[in-house]
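This report refers to the structure that appears directly beneath it.
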Amino acid sequence: MQITLIGTSGMRWPVHGIERHAGLTLSEGGVEGLIDSPVETQWVEDTEMGVVFGGVRYLPRDMTLGFYVSDALSDETEIGRLESDFRMDFAAQPDEWDANFQHTQVEVGSDLSGERRLTMQLREAPELKTQRDPYTQQFYDITYELRAPMPLWDSGKEVTVFEGSGTSGSGTILVSNPTDTPLRQTWVLTRGKWTLPDPSWRGKRGQRAPSGPYAARTVALPEITSSDQGVRITRERRKLHAMTFTGSNFLGRMNGQWIIHDIPPYTPPTLLPISYTNAPAGGARAELHQPRLWTRPVGLEMPGLS
């Protein structure tokens, strides 16, 4: 694996693998919490005997990363500068004065899985071992305790598109989920009156297909007007389900007809029906944003499924 930290400044710090910073490396035995996402299984007591499985909840990921930092091996001429700059690239809280602030990211690259990222912030102050004066020795043995509030590894997102040039149109849009976690999709829609697919799914891993009690379910949206400019509808839990491009709540106009189904893990590429009417001259466009989130930084792909 190639492991690189991307600091709050945007600086890249390669700490393990073929590429590595001359004066900075992961310490031996100093890595914990890197691989599987922590989960908590939930159970409901049965009235007669035992318990019934109630679901799984992903917990925040706590990660320990230990580093060896060497002034003598770095390109810096000022003693202590490397360790200081590295420490500055971590934060315990967002920078409220910086609208583009980004917490530190851990990036893991591999031939098997490409690149996946996890966003981390300091959980507590770093611990610098000081049995000897590190500035005299020009060597620092330091441990960072980090937390990822969202514990899944992100390999980017797939965006598929349906668009038409007329005031009405119909066709299909491509949906897939090659990951090991349910996919919470987002629709981005221009003006018009849309009918979106929202089927329930059934089938073995790699063979999921619209099936079950809502196999043909669609959601007919109220018209998206010029004052709305467009609408974003999302299954993401921490965001408003439906909002216009101007920032107003679109949810109240949907009369309870929400997008209710996630895309299951290991769903093969599948074409779903989509249509619109009442679009302005020039047509309409729908984007389906499909994040790729994994419980591990490497692996868990199903061969032949992409």
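The values are calculated or read from the model by the stated rules, or taken from the named source; none is laboratory data. Quick caveat: nothing in here was measured; it's all calculated off a predicted structure. Using ideal geometry, Cβ is built from the backbone for each residue, glycine included, and neighbour counts are taken over all protein chains shown.
So if I check each of Val15, Val44, which one is in contact with a strand residue (DSSP E or B) (Cβ under 6 Å, 6 or more places away or on another chain) and free of Cβ contacts under 8 Å to residues at least 12 places away in the same chain?
Val44
Being at pLDDT below 95 and out of contact with any Pro (no Cβ under 9 Å at 6 or more places or on another chain) is true for just one of Pro303, Pro297, Pro291. Which residue is that?
Pro303 is the lone residue from the list that is at pLDDT below 95 and out of contact with any Pro (no Cβ under 9 Å at 6 or more places or on another chain).
Here are the criteria: (1) free of Cβ contacts under 8 Å to residues at least 40 places away in the same chain; (2) more than 17 Å from Thr186 (Cα to Cα); (3) within 24 Å of the chain's Cα centre (by Cα). Tell me which single one Trp258 does not satisfy.
That leaves (2) as the condition not met.
What's the total number of residues in the stretch 1-28 that are farther than 16 Å from Tyr140 by Cβ and either in contact with an Asp or Glu (Cβ under 7 Å, 6 or more places away or on another chain) or among the aliphatic types (A, V, I, L, M) (or both)?
Of the residues in that region, 10 qualify.
State all residues of the stretch 215-245 that are within 18 Å of Ala284 (Cα to Cα), without any contact (Cβ under 8 Å) to a residue 40 or more places away in the chain and in a loop (DSSP other than H, G, I, E, B); if no residue qualifies, say none.
Residues satisfying the conditions are Leu221, Pro222, Thr225, Ser227, Asp228, Gln229, Phe245.
How do the strands (runs of 3 or more DSSP E) wholly within the stretch 148-211 filter down when requiring 3 or more residues that are surrounded by 14 or more Cβ atoms within 10 Å (Cβ to Cβ) and in contact with a Leu (Cβ under 7 Å, 6 or more places away or on another chain): which remain?
153-164, 169-177, 193-197
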